[in-house]
Every structure is written in structure tokens, then in C-alpha cells.
Amino acid sequence: MCGIVGYIGDKRAQEILTSGLRRLEYRGYDSAGIATLNGQGDITLLRKKGKVAELDLAIEKNETGDAVGIGHTRWATHGEPSERNAHPHTVGDITLVHNGIIENYKDLKSVLEDRKYTFQSDTDSEVLAALIDSIYQSQDEKELLGAVAEALDLAVGAYGIAVLTPKQPDQIIVARKGSPLLLGVDEGEVYIGSDASAILGHTDQIIYLKDGEIGRCSRDGVELFDINAQPVEPIIEKLEMDLHAIQKKGYDHFLLKEINEQADTLRSTLAGRINHSEGSVQLGGPGLSSDELRDLKNIIIVGCGTAYYAGQLASYYIEQLTTDVAIQVEIASELRYRSFNVSEHSVALIVSQSGETADTLACLQELKRRGVRTIGVVNAVGSTIAREVDSGIYLHVGAEISVASTKAFTSQVAAMVLFGITIAQAKGTSPQLIQEFIDEIIQLPEQISAVIKTHSGDIKQFASKYKSYEHSLFVGRDTLFPVALEGALKLKEISYIQAEGYASGELKHGPIALIDDRFFEVALLADNWLYDKSASNIAEVNSRGGHILTVTNTTKEVDSESLLRIDTKLEHMLPLLFNVTLQLFAYYVALERGNDVDQPRNLAKSVTVE
Ligand code: BG6
């Protein structure tokens, strides 16, 4: 996914556009560019491969006072990261920035080549710009909005776009389908952004563009039209987030800040939802009656990446809390194209931090089409998934800026555990277990702070010890298996070490063949009813000369090359505690390897394209 920005008003656009792009950089950082327009219709186009910092240097040499402009930071889909493929793209009188994918761009391109259009880049976006230009040129009365609407009728795919032309320098046309787009309105000016962080600090009056809407932004404000070019009354909402939420607060990296603030962010997720003295949970969001909760028979949990692993861990807890609810956890990009069957009394939990991930959104739309009640487990307020689900649970963890997801994982699991408890309450199952879960989840924030305080130093040393390996295996049993998967994902995402998560019992059925000096292993060992089984799996690896870092809460002797002992009485919530240690481990290994921990290569915070 990419980040797009825009501005029309009386301030210096170059500054507003680049500060917006810097805040959206977690959406993609392969190239960046802006195009600004002065009142006489002169365009200043500046594009650079790489980060916004490169673009800043170009702007220093090409400063303008222009007060109209659009900008883009790219996550490459079509065409390699390069200046040639960077946005904005200009074709004829049209300059455009695009977030999304035009699936039929090849067909459109050959039609346009027949009309003598030539192309400078390999991107689908430039083809869209050419299509708009060809329609614009064919108009008697030059009318940009009409040309854009007609072109979008011919395009297939997802888009968030901002378009301008020197022929009509007093407006910017915006449109969205599938990719998010917000407008910030204030007296005599309009701000455009792919998400709220680009507009924060400028205005808190926001218009969330809906799918199929197209808008004209000018100094007079915003005119909105629906897919049939019928005027739509813009709905202005107040932005609840403040600038603080997207600052590092003194930490070196957003990732370290977001790991360290988990005790507080988890408290925000739990706030007002647990009655400890009564031993009960109230969750208004899902909006299911106690009859509906009691009759529930099947839960489909859908997500991508870390959200998918959070769903996996939560499924173990909901199974423990209920006796007759089946749970299927699905990778969104697979489920959306599968002919899956849905049984009666089912609900779907749609798990997404950003609320914009295309595959997860598509599953939501398919499940709704099949009449399944959809409940969002979402962090980003006002995001597309949050607005399209039937009901939902907000995480309230604040903006998560670092591309690798951390605080959202802990709160996604906690939110789904709370949902599981509401089902158990309605079904009258295992009151004892409900009390245990509530007691532990209430203690978890404190325990997370204690683990970070006590063990950051140890974890840093282990990271230094294992930083040079290129291969690793993470193993865990039962609720620690999803944590092994998530821990391996974190290490992959930011250290670029090849890491696999495995169920401990699965090792001997193949992966144990990999064990040699090129690999290190991270073993998650809970001092519970499966202790002996897990300990013997560690022994199997040891006997093949494995280099094992064991994370455990046992006081027993453990034969392991490295050992991280966590002093805790938690049992059910232990996996969430262990997971924080793996987040820190990945962070320190990535740091030792000199990687950009907040913006790792080839990744983006959430992917709004397929
Ligand atoms: C990836 C992010 O793009 O999307 C991951 O890099 C994230 O961190 C995954 O887990 C899913 O994102 P979301 O926003 O739908 O939870």
C-alpha cells in the first residue's frame, strides 16, 4: 500500500505535503514525490527513489510558494522502486497520485497506445493518468471531475487517488474504491490523506470518503458525488486522535515505544469491560444478545500476518472457555477465494490493526454477503473495516506506527478472550475458569512491565549472541504454538533472519532434519501439564547439537545453551508474557544487524492491495 496526501489552501503546499508523507511513510517507502501548482498553472514535479528524506533534499533546491499540491510515498506493486516509477505521474494535462492496483491496466494501456500515448513508467497508475487525460482531451468543456469519473468507470481494481491539472489550478479531484482516503476541512483549505496521521495537527474536522465516492476539493470546501455523479452531503466527523499519539516519546524507535507501552495500551483495551469483583465481562461492542451468545456454535476468525496469529492464540482460549463452540482460524487471502461452508449460529471475528488490509476486508464483504454476523476486532478508529462490520470491539491502543505489529497483538488476543468470556457467561460454562482468566488478565499489564524492566538487559545479550545466524526455529506447544509462530514472524519481519515457527511435537516429523550449526532454536517452555512433553522436544534438539534459547517460567533445571527464566505465577496468560520477550528479542537482533526496525525492507504497515 502507499500513502497519498494533498492540500489546497493558502499555505505553502511543499511543507504540508512532505510532513504528511513523513507521517505516512510506514505505508511504503520505496519512493516519494510531490507535484505543486501555482495560480498560473505551472507545475513543479519532484520525485525521488527511497524515503521522504531524499525528496526533502530535492525540495530544498526547488522551493516554491505554491498553495496547491499532491504527494505520494510508494510501496511498489507494479514496477520496481525507481524515480521513473515514482508518483506523481503526469500524462498530458493530468497529474495523479494513486494508492491501489488497476487490475485491467494492460488492456487500457494497449487501447491508449493505439491513441498514440507513450509511457515513461511500468506502473498501472500512469495508465490511469493517461486514461483520464484521453477523456479530458476529448471533452469540449474541460471538466476534470467528469473526466476522472468516466475513467474510473473503465478501470477495474482498487484506488485512492488525487488528481490535478494546470488547466483548472483551483481544485483537486479525489476518489476512492477499496483504498482509504480522508479529507480534513478548515476555513479556505482542504487536506487530503490516506489516513488520519497525515492531517493531524492541521484540523480535526474529517470527511471519510466512502467506496465509490468522488470529490472536488477547493478553497470553498468539498463537493462530494456518488458513483452515479449524484451530489452527496459530506459527513464531517471529529478526529479523536492527537499528535502525541504518533510521536516517539523519547524512544529511539516506534517499535521499542510500542513494545514498552503495552502495559498501558492493554489497560486501555480492558478499561470499562471487566467487573473484577463480580468476576464478569461486559462488552457492548459486539452487540450480541445473551440468547445469541448462548446459541453460538461456530466462530470464524479471519486476519493476516500478526492479526492471524492473534486469532490462532485466541481460538485456544475460546475453546477452553466454551464446550460447544467450534472455531476456525483463517488466513484472509486464502479464505476469500475458498468455497467455504458456514454453519448456522456462526459469527465472524474480523481481526485487523489498521482496519484497511485488503484481503481481510474482502473476507468481511464475502461473509456479510453470506449473511454471517461480522464483528470487527480493530484498532484504527473510522477505518474501512471498522465502518463495514456489523459491530465490533475497538482495541484503543492508539496509533501503531512501526510496521511490525506488537501492542496490537497483545490487545487483539485480550479483546478476543473478553469476547470468549461473554460467550462462556451466556452459556453458563466454567465460572471457575472465567474467574481465573479475569484474575490473570487483570494482572497482565503489571507483569508485562515487570518482564520488560527485569529482562530487557538479558534479552539484549541473547540478541547479541544469536545475531549472526541466518536460520532459526521457534517451537512451542498448545497456546505457546501461536506464540512461536508470532515470534518467528517478528524476527523475520525486522531482522531478515529466516525463522520458522513450529508446534514442538511436529519437529520430529521433518524440521528436526534442519538442526545444525547454521540454526539456532527458540523453545517456549511452560511449567504446566505439558512440561515433560515440551522438555523432551528440547532434549531431541539438544541431542542433535542444537543452539537453544529457552524461554520458561519453570524453576526446574533446564538443559539449554541459553535460558530466560520469567518469574511469574500466570498460567493462562503466560503466552502473552513470553510473546513480549520475543518482541524485544527481535528488536535487539534487528538493531544489532543495523536494520531499519520501524520500516523494514519490502514491508508496509497494512496492505490495501491484493
Ligand atoms: C502487514 C503488517 O502488512 O499486515 C503486519 O506488516 C500486520 O504487521 C499485517 O500484522 C496485518 O495487518 P492488519 O492491519 O490487518 O492487522
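The values are calculated or read from the model by the stated rules, or taken from the named source; none is laboratory data. None of the values given here were measured: they were computed from a predicted structure. FYI the Cβ positions are ideal-geometry reconstructions off the backbone, even for glycines, and counts take in every protein chain you see. Heavy atoms of the whole protein, side chains included, go into the accessibility calculation; ligands, DNA and RNA do not. Shrake-Rupley method; radii C 1.70, N 1.55, O 1.52, S 1.80 Å.
Below, the figures for the structure above:
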quantity	calculated
Selection from Ser536, Gly428, Gly510, by position along the positive dipole direction of the range 396-548 (Cβ)	Gly510
For the range 105-194, alpha-carbon Rg and Dmax in angstrom	13.9, 45
Span from the the range 89-167 Cα centroid across to the the range 596-610 one, whole angstrom	27 Å
With 5 Å bins from 0: P(r) over the range 191-295, alpha-carbon pairs, percent	2, 8, 12, 13, 12, 12, 12, 13, 10, 4, 1, 0
Sequence of Thr555, Thr269 when ordered by accessible area, the most exposed leading, probe 1.4 angstrom	Thr555, Thr269
The chain: angle of helix 480-495 to the longest principal axis, Cα-based, in degrees nearest 10	40 degrees
Positive dipole terminus of the chain, leading residue within Ile301, Thr454, Ala13 (C-beta point charges)	Thr454
Span per principal axis, largest first, for the Cα atoms of the chain (Å)	81, 56, 43
Cα-based reach from Lys467 at 12 Å (exclusive), listing aspartates and glutamates while leaving out same-chain residues under 8 positions away	Glu592
Accessible surface of the range 530-583 [probe 1.4 Å, protein heavy atoms]: carbon and sulfur percent	47 percent
Gyration tensor (alpha-carbon) shape descriptor, the range 12-170, a/c threshold 1.5	oblate
Per-pair calculated FRET efficiency, R0 = 30 Å: Gln120 and Glu15 via Cβ, rounded to 0.05	0.65
Unit charges on C-beta of K, R, D, E only; dipole of the chain, Debye	860 debye
Enclosed volume per residue, in Å³, of the convex hull spanned by Cα atoms of the range 458-536	94 Å³
Cut-off under 5 Å, modelled amide H: who pairs with Gly501 long-range	Phe474
Protein-only accessible surface order, largest first, of Arg544, Arg370 at 1.4 Å	Arg544, Arg370
Tensor-based shape of the range 336-462 (alpha-carbon gyration tensor, a/c under 1.5 rounded, otherwise prolate or oblate)	oblate
With all protein chains modelled, accessible area of Arg12 [1.4 Å, Å²]	70 Å²
Anchor Lys427: aspartates and glutamates whose Cα lies under 12 Å away (excluding residues fewer than 8 positions away in-chain)	Asp291, Glu292, Asp295, Asp324
Per-bin percent of Cα-Cα distances, the range 269-322 [10 Å]	18, 43, 37, 3
J(HN,Hα) series, the range 551-556, from Karplus relation 6.51 cos²θ - 1.76 cosθ + 1.60, nearest Hz, glycine and proline x	9, 8, 10, 7, 9, 5
Gained length - Gln230 relative to Gln432, 0.36 nm times residue gap less alpha-carbon distance	67.0 nm
Filter on Lys48/Lys257; Lys490/Lys605; Lys257/Lys569; Lys407/Lys605 - keep pairs with C-alpha separation over 18 Å	Lys48/Lys257; Lys257/Lys569
Alpha-carbon centroids, the range 238-289 and the range 537-559: separation in whole Å	35 Å
Measure of compaction for the range 499-575 (Cα Rg per 2.2 N^0.38 Å)	1.07
Whole-Hz ³J(HN,Hα) from phi, Karplus 6.51 cos²θ - 1.76 cosθ + 1.60, for the range 77-92, glycine and proline x	10, 10, x, 4, x, 6, 5, 4, 9, 6, 9, x, 9, 10, 9, x
Val281 long-range amide H proximity, modeled H, under 5 Å	Asn275
Dipole axis of the range 117-216 (+1 Lys, Arg; -1 Asp, Glu on Cβ), positive-most option in His202, Leu182, Gln171	Leu182
Rounded to 5, the percent of DSSP beta bridges in the chain classed as antiparallel	60 percent
Fraction of alpha-carbon pairs over 15 Å apart in the range 280-369 - percent	61 percent
Å² of accessible area per residue within the chain, as computed with a 1.4 Å probe and no ligands counted	38 Å²
Part-to-part distance (alpha-carbon centres) for the range 306-374 and the range 453-532, which is given in Å	27 Å
Helix axis angle, 105-114 relative to the chain longest principal axis, alpha carbon, degrees	20 degrees
Angle in degrees between helix 124-138 and the longest Cα principal axis of the chain, rounded to the nearest 10	20 degrees
Long-range Cα-Cα pairs in the range 131-277 (distance over 23 Å), rounded percent	49 percent
